[in-house]
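Peer 1: I'd like to ask you about the structure that follows.
The values are calculated or read from the model by the stated rules, or taken from the named source; none is laboratory data. Note that the structure is a prediction, hence the values are computed from the model and not measured. Cβ atoms come from the backbone with ideal geometry, glycine included; neighbour counts cover every protein chain shown. What goes into the accessible areas is simple: the full protein's heavy atoms, side chains included, and nothing from ligands, DNA or RNA. Shrake-Rupley method; radii C 1.70, N 1.55, O 1.52, S 1.80 Å.
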Amino acid sequence: FQLINKIQKIEHQFLSIIECEPMGANDLGKAIMLRHESGNLKFKLGKQAENQIRPWVKARLFSRYFAYTKGNIGITLQAWIHNITHFSNGVIYIKPPHKPDLGKLEQLETDWYIAIVQIILHRRVTVDKFSRIMRINREQAAWQLEELFRAGILTEQGKKIFEIHPVIYPHIMDKLTEMKLI
């Protein structure tokens with residue numbers, strides 16, 4: 001909203017703007033556990049079974065999720081699933097989230113930054129849509145999307161529909177904001 005509002009003032013077109021504040025670590029923990037328990041599965045963190053994990057260890061785990069996602073519940077739930085290392089006999093084995101290394105983002109060419117920002121603004125793109133947005137031919141668009149996909153920046157939703165990978169989305173947003181591109 002803030003980005004669009006900078007480009008084209010739209011704030012006066014609405015009756016009201018509802019601000020959705022991030023959830024706290026405690027609330028994120030409750031939400032994760034509610035969703036987890038709905039599957040009737042147990043989990044292990046490292047070698048510790050769910051019922052053996054001390055409260056302060058659980059609190060630290062959910063604090064890491066909060067730091068990782070900045071309180072965004074959707075990304076938190078995606079990260080929880082992403083951090084499942086394996087499943088066996090009704091038990092999921094999880095690891096704590098860790099921030100990906102985004103140092104290589106600083107070395108990208110300007111065209112790649114523009115492409116990433118455009119995909120963020122449009123949420124999902126096909127090759128044809130990306131070609132129109134970027135004003136490049138279809139082959140160039142397909143190649144660029146494939147490169148971003150192989151780099152782990154994009155994920156494929158459905159057949160050839162691409163979006164920013166939800167696990168790294170908040171970190172890419174932070175980096176692009178820090179670089180004043182968003």
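Peer 1: Restricting attention to the stretch 143-160, report how many residues are crowded, with 16+ Cβ neighbours inside 10 Å and assigned to a helix (DSSP H, G or I).
Peer 2: Residues meeting the conditions: 3.
Peer 1: Cβ-Cβ distance below 9 Å, separation of 6 or more or different chains: which pairs start in the stretch 81-93 with a residue that is in contact (Cβ under 8 Å) with a residue 24 or more places away in the chain and end on one that is among the small types (Gly, Ala, Ser)?
Peer 2: Val91/Ala49; Ile92/Gly39; Tyr93/Gly46
Peer 1: Test Asn5 against the criterion of being in contact with a helix residue (DSSP H, G or I) (Cβ under 8 Å, 6 or more places away or on another chain) and open to solvent by 30 Å² or more (accessible area, probe 1.4 Å), and give yes or no.
Peer 2: Taking the combined requirement at face value, the residue does not satisfy it.
Peer 1: Find the residue count for the stretch 131-142, including only residues that are of a type outside the set (A, V, I, L, M, F, W, C), outside any helix (DSSP H, G or I) and open to solvent by less than 90 Å² (accessible area, probe 1.4 Å).
Peer 2: Number of matching residues: 1.
Peer 1: Quick check on Ile164: is it under 19 Å from the mean Cα position of the chain (by Cα), at pLDDT below 90 and among the β-branched types (Val, Ile, Thr)?
Peer 2: no
Peer 1: Looking at the stretch 91-101, is at least one residue of a type outside the set (Ser, Thr, Tyr) and farther than 30 Å from Asn51 by Cβ?
Peer 2: Yes, the stretch 91-101 contains at least one residue that is of a type outside the set (Ser, Thr, Tyr) and farther than 30 Å from Asn51 by Cβ.
Peer 1: Taking the criterion of being closer than 15 Å to Ile94 by Cα and without any contact (Cβ under 8 Å) to a residue 40 or more places away in the chain, would at least one residue in the stretch 20-32 satisfy it?
Peer 2: Yes - at least one qualifying residue is present in the stretch 20-32.
Peer 1: Just the residues that are open to solvent by less than 30 Å² (accessible area, probe 1.4 Å) and either more than 19 Å from Glu146 (Cβ to Cβ) or of a type in the set (Asp, Glu) (or both), please, taken from the stretch 167-179.
Peer 2: Val167, Pro170, His171, Lys175, Leu176
Peer 1: How do the helices (runs of 4 or more DSSP H) wholly within the stretch 25-112 filter down when requiring 1 or more residues that are of a type in the set (Ser, Thr, Tyr) and open to solvent by 60 Å² or more (accessible area, probe 1.4 Å): which remain?
Peer 2: 25-38
Peer 1: Cβ-Cβ under 9 Å, sequence separation 6+ or interchain: first residue in the stretch 115-126 and under 14 Å from Ile182 (Cα atoms), partner open to solvent by 20 Å² or more (accessible area, probe 1.4 Å) and among the hydroxyl-bearing types (Ser, Thr, Tyr). Which pairs?
Peer 2: If the second residue must be open to solvent by 20 Å² or more (accessible area, probe 1.4 Å) and among the hydroxyl-bearing types (Ser, Thr, Tyr), the pairs left are Ile120/Tyr169.
Peer 1: Here's a follow-up. Could you tell me which residue of the stretch 46-102 is farthest from Asn26 (Cα to Cα), considering only residues that are basic (Lys, Arg) and modelled with pLDDT of 90 or more?
Peer 2: The selected residue is Lys95.
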